[in-house]
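Structure first, then comments.
The values are calculated or read from the model by the stated rules, or taken from the named source; none is laboratory data. Please read these numbers as outputs of a predicted model, since none were measured by experiment. FYI the Cβ positions are ideal-geometry reconstructions off the backbone, even for glycines, and counts take in every protein chain you see. The accessibility values were calculated without ligands, DNA or RNA, using every heavy atom of the protein model including side chains. Shrake-Rupley method; radii C 1.70, N 1.55, O 1.52, S 1.80 Å.
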2 protein chains.
Amino acid sequence: MSTSSPATIEDVARIAQVSIATVSRAIHTPEKVANSTRLKVNQAIAITGYTTNAMARSLRLGRSNMILVVAPDIGDPNFSNILVGLENEARAHGYGILIGHTQNDPQRGLEYLKFLNSNQAAGLILFTGILPFGHQSMTARLPPSVGVFEPVYNGGIPYVGVDDIEGARKAVDLLIAEGHRKIAFIGDSRTRLAYSRRRQGYDAGLDAAGVPAGERIILEGDGTIESGRLALEQLFMRDTLPSAFMCVNDQTAIGVMIGLGARGYDIPTDFSVTGFDDVPQASFMTPALTTIRQPRTAIGKSAMALLFELLSDSEPTDTEILLRPDLIVRNSVSAPSRRFQKR
Amino acid sequence: MSTSSPATIEDVARIAQVSIATVSRAIHTPEKVANSTRLKVNQAIAITGYTTNAMARSLRLGRSNMILVVAPDIGDPNFSNILVGLENEARAHGYGILIGHTQNDPQRGLEYLKFLNSNQAAGLILFTGILPFGHQSMTARLPPSVGVFEPVYNGGIPYVGVDDIEGARKAVDLLIAEGHRKIAFIGDSRTRLAYSRRRQGYDAGLDAAGVPAGERIILEGDGTIESGRLALEQLFMRDTLPSAFMCVNDQTAIGVMIGLGARGYDIPTDFSVTGFDDVPQASFMTPALTTIRQPRTAIGKSAMALLFELLSDSEPTDTEILLRPDLIVRNSVSAPSRRFQKR
DNA sequence: ACGATCCATGTAAAGGTTTACATCATGGGA
DNA sequence: TCCCATGATGTAAACCTTTACATGGATCGT
C-alpha cells in the first residue's frame, strides 16, 4: 500500500462499495451523505491512504489552491518574517504559497503573469507597490489580489501595511521630546508611497513642534545603506548640521551610523539617529538602533486573511488595513549635543 | 480578448484550422510539425493569448511543475538568500517553488506530505536534516529530493552544503596563526551533522597544531544567541579561560560577544571570537565578526540544479556536493591577550 | 509503375475530480 | 392506500491536456 501508484477516488469507491460521486460528497459535503455511508467511506480512505489529486481537483474547479507571492527581492531581510505570517495563514486555509521574485525586471514579472494565466494561482500577494507585469499590467486579468506595505500603484488593489505617518510621527516626537529641533530627514520620498508617508509624519511632527519649514533638512536617498552614507557626506559639505537624523528606513540609518562612526563621532552623544522597520540588524548595531517596528508576521497574516476574504465574498470589507507601528527605544537617541547646538 | 474566460487549446486549433493535437505538438515538439502549420499555430496563439493550462497538463502528465521547499523556519535569516538561488534556478527550468515551514512540528510536516501525495510537487528540497513527516517518514513515497546544508538523516537523499570540516579548519587555523592555543569550541556537536563536522574541523586543527586533547575546552549549546551567552557563563565559573572562542555558528558567537561585552571585556583585545555562516548581522556587530561564509545563493542554485538532474536522469551524478566555505576576516580576532595567557 | 517508407496530421482515450441531473426508496399526509 | 416530498445515491459529462494509434498523401527505390 505504500508501493504502487497512489490511490484514486475510484479505489476508495470500490472498497467502500459506493460510487465515486458519493466518495467525493463524503469528503466535501459530508452532510449530504448518510452517516453509515460516510463511515464506510472514511474507512476506505484510511485503508487506501487516499488523498485528493489536487491537479484534477483544480482542473475541474478551475481554481488552484496556491497563492502566488511576488516580491522584488526575496532575499530582503524584511521579507522572511512576513513570509511566516503569510504561510501560516495560507496553510490554515489549506492553501500553499508559491513565491516569486522579480528583481524589478518586467521580463521576470511577465513570467509570473503566465503562471497566473495558466490558472496556477487562485490569488496574488504583491510586495512591489506596482503591478510588475510590464506593459501588460493594464490589460492583465488578475485573480483576487492584495498588496503588502503599500497600495499597488496601477491596480486598485486593497492592501495591508503599517501606518507610516503615525510611525514616523512617533520617531520625530521622540526626538523632539529629547530636545532636538534640527532634525534631518534622510531618504527617498518619491518612488515609494510608504516613504513619502514617513516624510509626511516627519513634517507633521515638526509642524506640531513649531519648527518652521525653512529649518528642515531633507536629503534624498534610495533607501540603501550606501545612500545613507552618501547623504551624510553631502550634509557635511553644508554649513548647517542637524543634531539628529531621522532616516526613512533602517538601511539608511545604518549607512548614516557607519558614516558618522567613520568620522569619529559618537552616537548618541554627538548625534541621534532613528530608523524605520526594525530589521534584524538594528538591534545588533552599536549603539543599538532606535527605530519603528513593523509587525511583520502580523502583516503577513492579515494580508493573507484579507485575500481569503476577497476569495470568498467578492465584497472586501476593507480596502486598506493599517497596523500600528511600535516605537522601539534602544540606544541611538539622546538629548542633543552642545557641540553642534549653537551652529 | 482580455475579457471572457481564458483561451484553450481548442480555440487556438479552430483559428489555426488544425486539430488540437497539432497545436499541442507545435508547442511541445515543433520539429514534428510542418513549418507552415507551425506558423499558423503561432499566429493563432498570439491572437488568443493562449497559455497552456498547467492544471490540465500536470494532470495528464502525472507531474506538476512545482518544487516544494520545506524548512524548519522560513524566518531564519540564513534562509532567504538560499531561496533566491533556489528560485532563480527553478524558474530557469520553468518550475515554481512552493514553500513550507514546519517549525519542527511533525503535524505540520504531515500536511506537506499531503501536498506531495496529491501530486502537487514534482520534487522536494529539504532543510531539516531529517524527514519531517513524523512516523510516516519511513513509508512515505517521496518525489526526487535533495537536502540542503546536511544529508537527510533518515532518507538516503543527496545533498548540497558547504564543507563544514574545511570551514571550521580555516577558522581554527586563523586563530592558531594568531598565536592562540587555548581555544574553546562552543556549540552543539550532536544533533546536527553540520555542527559535528565543524567540531571535527576544530579537533583536526588543534591536532595539527599539537594542542593535546586534554587542553581543549568544549561547551555545548544549541546554536542560539542565548546558548552562546549561557556557555560563556558556565566557562567563567571554571578556573581556566581560553584566549579565543570558536563558535559553531554566528548566533552562538553573537551570544558570546554580548556576554563578553557585558562583563566589560574588549574583543579582540581580551578575547578573540569566530563564528560560522556569515549571517547578515555578523558584519554589523562591533567589532565585526570574523566568520566563515556560506555561499548561500550558490548553495540554493546548486541544490535546485541537482534536483533537476534527479528529475531527468534517474542516476544522479553526485550524491553529495560540498561547496567551498570562505574565511571572512573582520575584526573579532587578534593575537591573544597577555592578561589571560599565564593562567 | 508499384510497393514500401516516411511524414504530417487527425481521432480518440485517458488522467482524477466535481456536480447537475436522474433514479430510487422511504416516509408522511390525505 | 396512494401520491408526493424528501433524502440518499448513482450516472455521466465536463474541466484541458498529451499522445498512441490510425490515416492519408507524398517520395523514393527498383
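Of note:
- Probe 1.4 Å, accessible area per residue of segment B:9-52, Å²: 61 Å²
- Based on the reciprocal of the average 1/r between different C-alpha atoms, the Kirkwood radius for segment B:9-52 equals 9.8 Å.
- Cα Rg, Dmax (largest Cα-Cα span) when computed across segment A:62-106, Å: 11.5, 35
- Computed Rg/Rh of chain A, alpha carbon atoms with Kirkwood Rh: 1.15
- For B:LYS170, a cut-off of 22 angstrom between C-alpha atoms picks up these lysines, skipping any fewer than 8 places away in its own chain: B:LYS182.
- With 10 Å bins from 0: P(r) over segment B:36-75, alpha-carbon pairs, percent: 23, 25, 30, 12, 9, 1
- In chain A, helices alone account for a calculated mean residue ellipticity at 222 nm of -13000 deg cm²/dmol, with every DSSP H run of four or more residues adding -39,500 (n - 2.57).
- Sparse-neighbour loop sites [trypsin sites (Lys or Arg not before Pro); segment B:81-187; at most 15 other C-beta within 10 Å; DSSP]: B:ARG141
- Two-site FRET efficiency, B:LYS114 against A:ILE217, from Cβ-Cβ distance with R₀ of 56 Å, rounded to 0.05: 0.50
- Accessible carbon and sulfur surface of the protein assembly as shown relative to its total accessible area, %, 1.4 Å: 51 percent
- In a simple Cβ point-charge model (Lys, Arg +1; Asp, Glu -1; nothing else charged), segment B:9-52 has a dipole of about 120 debye relative to its Cα centre.
- For segment B:170-186, 3J(HN,Hα) computed residue by residue from phi via the Karplus equation (6.51, -1.76, 1.60; θ = phi - 60°) reads 4, 5, 4, 4, 4, 5, 4, 4, 6, x, 6, 10, 8, 10, 8, 9, 10 Hz, glycine and proline entered as x.
- For trypsin sites (Lys or Arg not before Pro), the sites in segment A:249-316 that DSSP calls loop and that have at most 16 other Cβ atoms within 10 Å are A:ARG263.
- Whole-Hz ³J(HN,Hα) from phi, Karplus 6.51 cos²θ - 1.76 cosθ + 1.60, for segment A:35-47, glycine and proline x: 3, 4, 5, 4, 4, 4, 4, 4, 4, 4, 5, 4, 4
- Projected area averaged over orientations for segment B:172-314, convex hull of C-alpha atoms, nm²: 10.1 nm²
- To the nearest ten degrees, helix B:106-117 and the longest principal axis of the Cα atoms of chain B are 30 degrees apart.
- With 10 Å bins from 0: P(r) over segment B:263-343, alpha-carbon pairs, percent: 16, 31, 22, 16, 11, 5, 0
- Counting Lys and Arg as +1 and Asp and Glu as -1 over every other residue whose Cβ lies under 12 Å from the Cβ of B:GLU166, the net charge comes to +1.
- Cα centroid separation, segment A:278-328 to segment A:11-81 (Å): 31 Å
- Computed over neighbours whose Cβ is under 12 Å from that of A:GLY49, the net charge equals +1, Lys and Arg +1, Asp and Glu -1.
- With one equal scatterer per alpha carbon and no solvent term, the Debye-computed log10 I(q)/I(0) for the protein assembly as shown at 0.08 1/Å reads -0.74.
- Kirkwood analysis of the Cα pair distances in segment B:94-216 returns a hydrodynamic radius of 16.7 Å.
- Over all orientations, segment A:1-124 has a Cα convex hull whose mean projected area works out to 9.9 square nanometres.
- Against chain B, whose longest principal axis comes from its Cα atoms, helix B:250-262 is set at around 40 degrees.
- Area hidden from solvent between A and B (accessible, protein heavy atoms only, 1.4 Å, total, Å²): 4400 Å²
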